[in-house]
Structure formats: C-alpha cells, structure tokens
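J.: The structure that follows is given in the form of structure tokens.
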Amino acid sequence: MEIFKELENHLMQNPDFVSDTNELKKWIVMDKAYDCDESLILSLLENKVLKQHFFKKIGESLVFDQKKFMLFLEQKNYLNDSFTKYKNKIGLNIGGKYLNQRNEVALVWPFKDCILEGGQSKDDQKKNEILFNEILAQDEIYQLLEPKVITAGKRISSEGETDLVSFNRNSEGNITDNLLIKGNNLLALYTLLEQFKGQVKLIYIDPPYNTGNDSFGYNDRFNHASWLTFMKNRLEVAKQFLREDGVIFVSCDDNEFAYLKILMDDIFKRENFLNDIIWNSTKSVTNTALVSVSHTHNLVYFKNLPYFTKNRNEFRLKETGEGFSNPDFDPRGPWKADPFQVGGWRPKQQYEIINPHTGVIYRPNDGNSWKNEKKVFDELVKENRIVFGTNGDSGPYRKRFLTEALQSGKVAKTLWDDVGTTTSGTRHHLDLFSKIIFKNPKPETFLQRILELSTKENDIVLDFFLGSGTTVAVAHKMKRQYIGVEQMDYIDTVCKERLKKVINGEKGGISKSVDWKGGSSFVYFELKKYNQGFMEQIESARDTVTLLDIWESMKAHSFLNYNVDLKKQEETIEDFKGLALNEQKQVLCSLLDKNQLYVNLSSLDDSDYHCSESERQITLDFYKKEDR
C-alpha cells in the first residue's frame, strides 16, 4: 500500500488528474499511460520511488513498464474513487473482475446515447471516470439491437398534424413517406433496417467531431478510441442501407479525419473511396490561432465504385451554362474550350500537333498525353471542334458544346468554396427561429450540392445525426424522400418545426434556386421508451432528493440489472447520499438494464410494457405484420 500512497500523492499534484470533488481521475491517468504520454512519464521519473517501481533498465536505457503500471491501476484495491468503491460495495463489480479480465462481450453505455457512457454532455467532462463499462453476453446484444415498438406517430402536412394511422407504400410495398424519428440513432437504424435495407441512395452524416468545442446537445469530447467505436457501430449497420449505386458522405474535421478514413476504408473498402471533398466552411480568420482553420473534410465512399466508373454521368452536377459563349458563331451553339491534354502517358496519344495559324509545333507535356488518338484528332479538326486559343496563337483545345454539357452534367471538384459558409447557415437559423441554434450549422447550399451530385427526385436520403435538420429540409425542397434520426429533444423544437416551415413554403436557404412553393408531408414518430425514460429523468435531476424519488420509481417500474442486489443498495443508501451528484447519477444509470432502454418489437403484446392499441396497430403496420 505504500507504493499506492506514493503514486496517489504524486499524481494528485497535477490538477489535470484531480476531479472537482478532489479525487484522482483514475481513468484519465490510465488513458495517458496507454498512450505513453510524455508528460506523465517525465512526472513519474521525477519521483525516485515511482522511478524504481515502474521503470526497468535495458542496456543503458530506462524503459517505462507500461504493462505493470496499467495492471497496478486496474487492481480494485488501488486508486479507487468513491464511485468505484460504492459500486464494489453494492456488488456491481461483476465477480470482482474488471472488463479486460473477463471474456464476455463488452458494450460501453451512455447517459444520452446508449453506446458510450460519459463524455456526452458538458457536465460529464468533470467526471472521474470517462468510460463506464458494463458486460453483456452475445445473446443480450442481439436483444439490444432488436427492432423497437414505435409510438407518438403523427402525419404532418400544411393542413396540420393528425394521428398516424398507417404508412404510405408503393406497389412494391416499400414505405414512401418522409420520416422524422426521435430515438437513439443506433437502435433506430436497426429498427429501420428490415424496411429500408438496400434502398437508400445517399447517406449524409455530420457526427460529433471529437473536439470538445461543439455547441450542440452532445459533448463530442469522447475518448479517441471510444469515438471510433461509436462511429464503427453506426457505420457498419448504415452500409446495409445503401443501394448498389449508393453513396455516403461523412463530414469531419482534422481531429479524427485520418483515423475515420482508415475506419471507413475497412467498412466500405478502400477501393470504394472516391475523394476527400474540402469545404471552405468559413471566410473568417482566428488571429489567436497558429493556423486559422477554414475547412471541413467530407469523406465520400460508394457502395460499389465500379458502377460509377461505368456510369460516370450519374455522378454529376447540373450544368448552369456559365462560361459558355459562341465567339465564332458556330451553328451548333455556345461552347467552352476544354484542354486537349490529359494526365498520364499513353503511347498512341503522343504525336505532334501543328498550329495552322502560327506553325508552332506542340507535343504533350512530360507525363501527359493528348486527349484522343491522332485519327480522332483529325476528325475533330474536320468538324471544327479544335481551336487554338482565343486568338489562335496557343496550343490545341477541344470545343464542348452547351447542348452536350447539359446532357452529361458538370464534373465536381474536390474543393468547394462556392456553396456558402457556416455564417450563411447561421443567418438562415436566425431567420427561421430568431436565435442561433447551433454554432457552426451547414448551409442549405452545401447539402444541395451533395444531393444534386448523388441523387434524383424520389431517391431516399438518410441522415442519422440530424442536428438542426438541414439535410431533411433540403431533401424536402428537392423532392427527395428522406429519413432523419435524432435523439435530442430539439428534434421537436427545431427539426420538426423547421420542416413545418418548409411545408408551408419557407423562402430561405435554397428555396429560390429550386423554386420551392411548399407542400408535401412527413411522418414523425418515436421509439417507445422504457428504461430510457428513467435515464433521462436521472440526467435532468438537479438534487439528491429528486434522484431518491426516481430510485423509488425504478424499484417499482423499471427493469434493473440482473446483478443488482436491492438489499445492499438499501443498506448503503447513506453511502449513496455521500456521493457527488454526478456519481449518484452514474450509480442509478448503472443499475438499469440497458437492454430495456426501449421496448422491443417482440414485447409488443407483453403487458409489462403497457403498449396501447394505437401503438400496436401502427407498429404492426410499419413492420408489415398481421395483427395477432
């Protein structure tokens, strides 16, 4: 125990390792040890006792014994904060073993989000432990990801809201309604999967960037590895929604870009990667920064890249006619001069071209080739499709007529600096709601570019990090079918209200450019909560008295973890009261069975879940199941 006291006293000198309740942030230290953080190692070396205990000499060098240090931290007798001690006391430390000492499958649960616990609200940053692990066997994971019962269904049009009776379907039985869904996005995806597998043309998501600076309802300062796990869970199931000609766009910034690229290479396959599209997201300059960030990454993957190499005109922007003219009065109409030189060395496209006006001989630059072989070039000359610059005194160019361009569309570039900025997105929010909803909202013109590139009317667009609802608002105006998923309460006050304004003919954003007049409808519904309701009550509680009332209700009405010892919980209630408020919340959340956050479809007729007749009927209709 002496070495424990020495280590604890030493680490407590670093304010970054101390919580607001003056306890050691054990898992912060473990995270730094895992990363072999230089500041931690130098600090340990300053202490002779710790230096002798956690470093070993190899040759002339001292080497940090990371394994020994990590095992030391993990021992339940060492560096226990009050929360961990309390969990041990009431028996939640299963078999006395930590996560990595057991063989069960591990899922990490949330306060808000159902996969990661901790780190999802600004208050959570002060917690002693960033991640709180719970153990699930494989069959319990299947139960967790079962389709859910749906509730609170409404059909919303310009005529108002009506109770949802049934879903509209096409001749093939597929749902044709626009959908706005409130619930955990991972569980919502598994709920939607059977109905929309292989039907979605475009997925666009703008997930938390893992910066700690995001202003919306999530705190996105996740542990790095946990953030990747969080994304992996969702991207793996999302892939199943895409059609064979489907596309996914994922926005991110420099914090996780490189790691997300590798993750998506694994899930969507590296050969299906198209580009990283850089969006010039802000024109302002941060004078206090070393380098002022002005861009956002957008990783683009196809479900099946070979399809698009054969059908490249399907991934094109609409040609506007800008830059076309007819200086030589060509009867075929306006044209634009395209370079006749292309990258890559092709032996049959290496020949001399003589400018007939100047006699100058041209050859392709090193490593390049002419666009066509010689016989094709000669035909183009006869057809008056080769020009030598505006004044006839330069190398060869090829005419591309506006009629051809309108038919084939315009190739997009990887740098987008012409689709608005976050400032224009903010102005639109102010027009819609008279206040700023999000700090850096995407403008509608940015989503319009993505939808124009990758979709046609009536194609299905999916966004399961919906935020302020820009994706679905743009999809509605562009006559695409859409599915939007958001767990946070602002889906009611922002997303739903924004779509109502769109239906009623809202004139901001892209409305003018697409001649939007209003109309159509959407369906709103929620995943039916069970333990999730208690989770939200716990999170919103402001004092211990409220939490104790919630605990009484939990005992009577919730589904508790199978390993909860109610007797011990009651016997140690005074210890519970002695914990900090956030720790009390953590304890109560850990007592809940996370498999029962929402009501599974298989429990639709179970009286314990109190499903109403209207919930039964609309759920059965959604899943195309006969009444039982």
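J.: Counting pairs of alpha carbon atoms under 8 Å apart in space and at least six apart in sequence, what relative contact order in percent does the chain give?
T.: Relative contact order here is 17 percent.
J.: Going down the list LYS529/LYS577; LYS555/LYS577; LYS261/LYS413; LYS456/LYS500; LYS197/LYS413; LYS182/LYS413, which pairs span over 25 Å between their C-alpha atoms?
T.: Where the Cα-Cα span goes over 25 Å, the pairs concerned are LYS529/LYS577; LYS197/LYS413; LYS182/LYS413.
J.: How far, in nm, would the chain grow between GLU6 and GLU194 when pulled straight, counting 0.36 nm per residue and subtracting the alpha carbon separation?
T.: The GLU6-GLU194 span can extend by a further 62.0 nm.
J.: If you don't mind, another one. Aspartates and glutamates within cross-link reach of LYS32: Cα-Cα under 16 Å, excluding same-chain residues under 8 positions apart?
T.: Qualifying aspartates and glutamates at Cα under 16 Å: GLU8, ASP16, ASP65, GLU74, GLU129.
J.: Give the calculated FRET efficiency between LYS568 and ARG542 to the nearest 0.05, with a Förster radius of 25 Å applied to their Cβ-Cβ distance.
T.: The formula returns an efficiency of 0.40 here.
J.: Within 10 Å, count the other beta carbons around each residue, average over each peptide in 465-476, 272-283, and list them highest first.
T.: Top to bottom by mean Cβ count within 10 Å: 465-476, 272-283.
J.: Would you mind working out the accessible area per residue for the chain, using a 1.4 Å probe, and quoting it in Å²?
T.: Per residue, the chain has 48 Å² of solvent-accessible surface.
J.: Let me ask something additional. Rounded to the nearest 0.05, what FRET efficiency do ASP606 and ASP575 have when you use their Cβ-Cβ distance and R0 = 45 Å?
T.: For ASP606 and ASP575, the calculated efficiency is 0.80.
J.: In deg cm²/dmol and to the nearest 500, what is the mean residue ellipticity at 222 nm of the chain if only DSSP H runs of at least 4 residues count, each as -39500 (n - 2.57), divided by the residue total?
T.: Using -39500 (n - 2.57) per qualifying helix, the result is -10000 deg cm²/dmol.
J.: How are the Cα pair distances of the chain distributed, in percent, across 10 Å bins from 0?
T.: In whole percents, the pair-distance histogram is 3, 13, 21, 22, 17, 12, 7, 4, 2, 0, 0.
J.: Could you please state how large a percent of the accessible area of the chain is carbon and sulfur, counting protein chains only and using a 1.4 Å probe?
T.: 48
J.: By per-residue mean of other Cβ atoms within 10 Å, what is the highest-first order of 324-333, 533-542, 196-205?
T.: 196-205, 533-542, 324-333
J.: Let me know the charge dipole size of the stretch 330-478 about its Cα centre in debye, to the nearest 20, where only the beta-carbon of Lys, Arg (+1) and Asp, Glu (-1) is charged.
T.: Here the size comes out at about 100 debye.
J.: Let me ask you something else. Can you tell me the order of 244-252, 591-599 when each peptide is scored by its average per-residue count of other Cβ atoms within 10 angstrom, highest first?
T.: So the peptides 244-252, 591-599, ranked by packing, come out 591-599, 244-252.
J.: Quick one: length gained pulling VAL411 to SER171 fully straight, 0.36 nm per residue minus the C-alpha distance?
T.: Using 0.36 nm per residue and subtracting the Cα-Cα distance, I get 82.9 nm.
J.: For the chain, give the magnitude of the charge dipole about the Cα centre (Cβ charges: +1 Lys/Arg, -1 Asp/Glu; no others), in debye to the nearest 20.
T.: 1860
The values are calculated or read from the model by the stated rules, or taken from the named source; none is laboratory data. Predicted, not measured: the structure shown is a model, and the values here were computed from it. When we count neighbours, we look across all protein chains shown, and the Cβ atoms used for this are built from the backbone with ideal geometry, even at glycine. Heads up: the accessible areas ignore ligands, DNA and RNA and are worked out on the full protein's heavy atoms, side chains in. Shrake-Rupley method; radii C 1.70, N 1.55, O 1.52, S 1.80 Å.
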